[in-house]
1. Which residue out of E94, E65, E58 is open to solvent by 20 Å² or more (accessible area, probe 1.4 Å), touching a residue at least 12 places away in the same chain (Cβ under 8 Å), of a type in the set (D, E) and on the phi < 0 side of the Ramachandran plot?
2. Please go through the stretch 197-229 and give me each residue that is touching a Lys or Arg at 6+ places or on another chain (Cβ under 8 Å) and under 21 Å from G4 (Cβ atoms), ordered by number.
3. Output the residue which, of all residues in the stretch 77-91 that are hydrophobic (A, V, I, L, M, F, W, C) and open to solvent by 10 Å² or more (accessible area, probe 1.4 Å), is nearest to K237 (Cα to Cα).
4. For the stretch 203-229, name all the residues that are farther than 23 Å from G21 by Cβ, open to solvent by 40 Å² or more (accessible area, probe 1.4 Å) and not acidic (D, E).
5. State all residues of the stretch 230-255 that are open to solvent by 10 Å² or more (accessible area, probe 1.4 Å), in contact with a strand residue (DSSP E or B) (Cβ under 8 Å, 6 or more places away or on another chain) and not aliphatic (A, V, I, L, M); if no residue qualifies, say none.
6. I'm told N232 meets every condition in (1) in contact with a Lys or Arg (Cβ under 8 Å, 6 or more places away or on another chain); (2) touching a residue at least 60 places away in the same chain (Cβ under 8 Å); (3) under 17 Å from V278 (Cβ atoms); (4) among the polar types (S, T, N, Q) except one. Can you identify the failing condition by its number?
7. Sort through S38, S9 and tell me the only one that's hydroxyl-bearing (S, T, Y), in contact with a helix residue (DSSP H, G or I) (Cβ under 7 Å, 6 or more places away or on another chain) and either under 21 Å from R156 (Cβ atoms) or open to solvent by 20 Å² or more (accessible area, probe 1.4 Å) (or both).
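The values are calculated or read from the model by the stated rules, or taken from the named source; none is laboratory data. All figures in this text were calculated on a predicted structure; none of them were measured in a lab. No Cβ is skipped: glycine too gets one built from the backbone with ideal geometry, and neighbour counts run over all protein chains shown. We work out accessible area using only protein heavy atoms, side chains counted, and drop any ligands, DNA or RNA first. Shrake-Rupley method; radii C 1.70, N 1.55, O 1.52, S 1.80 Å.
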Amino acid sequence: EAHGIYIFSLPPLLVYSLLAGHCTYLKSWMMSMPPAQSGTFYFNFIASHDGIGLRPAEGLLDEGEIEALILAMQKFGGEISWRALSGGKQQPYEINISLYDALKGTLDGEDQFQLPRYLCAHAIMLALEGIPAFYLHSLFGTENDLKRFASTGHKRHLNRYQWQLSELTRALEDTGSHHRQVLDALKRLLAIRSRQPAFHPNATQFTLHLGKRVFGFWRQSIQRDQSIFCLNNISNKVRKVDLAEINLIDPQQWYEMIKRKTIDDHLQRLELKPYQSVWLTNR
C-alpha cells in the first residue's frame, strides 16, 4: 500500500559483507527479494540519522555473526543501543556509528582500505534495483562525533555531527582530504548512474554467482537495449573474474563506465583491486 519501501536489511548486511569479506548472506537475501511492481520501488540506503539497525538482520545473520559485527563496530568507535526482552534480558537493537568509521577495517581490525571500501558500499547501493538515498553525512565521509557523545552521552550523536559551514568549506577545498575525495567520487558515480536506462528503478535485476568474494549482479533496461554487469570485489585481496562466466553478448562492444575502459576481449580475466567496483555496459 505504498509506492516505495525502505530496505532496512541492506545496511547491516552490506556492512557485514564488506567487513567479513564474503557475500554469502547478502547474495542469499538479494535472491529472495521479488522485483518491485511497475510504479513502485525499493528505497535503498546504507546510512541515516539513526544508527545501523540490527533487527532487520535477524534471521539473515546468525547470532555469532551479529556479535562479530558488534565487536568490530565497538573497536571502530561505535556504541550499541539495546532493547529489553522479557525476563530482564537485553538484545542489540542498533549500532550507533558513522558509516565512514564503520568501514574503516574488517572483522580483523583497521586497515588501509577505508576509502575504497566506503566507495564500494555506495557503488553497490547505487546499482541495485530501486532508488538510492544518501544521508547528508555520507556525501562527506563524516566521522564519529566522539566529542559530542562524550558531552551528552546520547549514542545517536555519534552519527549526527554538526558541521560549521566554514569548517566544511575548508575540508572540501582541501583536495587531499578524504571529505573532498568522497564527495568527488560519489558525485561522479551519481552522474554516471543518472544516464543509464538499465539503472531505472524497475529495470531487471539478476544475481550473479561469482564466488564468495565478488558480489555481482546484472541489470537490464526495461526496453532491453542496455545491460550492465555490476561486479564488486568485497575483499581486501585482488580478485580475478573470467568474463566468460558472466556471458557478455559477443558481437557487442562492452565498456567499463567507472574507469572508462573499453573491453576488447570478451573472454579476458578481469582483475579487481581490493574493494573495486566495475560497471560493464553494452552501450
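1. Exactly one of E94, E65, E58 is open to solvent by 20 Å² or more (accessible area, probe 1.4 Å), touching a residue at least 12 places away in the same chain (Cβ under 8 Å), of a type in the set (D, E) and on the phi < 0 side of the Ramachandran plot, namely E65.
2. A198, F199, A203, T204, Q205
3. Across the stretch 77-91, the extreme among qualifying residues is W82.
4. T204, Q205, F206, I222, Q223, R224
5. The answer is N236, R239, K240, D242, Q253, Y255.
6. Here N232 clears every test but (1).
7. Residue meeting the stated conditions: S9.
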